[in-house]
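The values are calculated or read from the model by the stated rules, or taken from the named source; none is laboratory data. The structure displayed is predicted, hence computed values, not measured ones. Positions of Cβ are backbone-derived with ideal geometry, glycine not excepted, and every protein chain shown enters the neighbour counts.
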Amino acid sequence: MKKFLPLIIFLYGFLATAQQPTHVPSPQNNSPINLNSWFDVIVFIILPIILIVIYFMWRRQVKMDKEKEKGNS
């Protein structure tokens with residue numbers, strides 16, 4: 001077992017470095033949101049707000065439908 005330990009350590013180190021992501025966004029290659037750009041404003045501010053409002057409206061409708069079914073039974 002002692003003979004294979006350096007080989008195991010070498011292979012494990014190789015596999016650990018082989019799994020490092022290379023094309024992942026990081027703070028070094030990201031830029032802040034430009035609020036002067038309409039695209040950034042729409043994508044990062046307006047669309048999330050619209051999705052949150054739609055979600056709460058959908059949940060309210062589901063709740064009302066369940067109460068209506070409960071009342072009809």
Cβ contacts < 6 Å: first residue in contact (Cβ under 8 Å) with a residue 24 or more places away in the chain and part of a helix (DSSP H, G or I), restricted to the range 46-73; second residue of a type in the set (A, V, I, L, M) and surrounded by fewer than 10 Cβ atoms within 10 Å (Cβ to Cβ), any location; separation 6+ or different chain. Result? none
Residues of the range 12-45 being assigned to a loop (DSSP other than H, G, I, E, B), exposed (fewer than 10 other Cβ atoms within 10 Å of the Cβ) and modelled with pLDDT of 90 or more, in sequence order, are Asn36
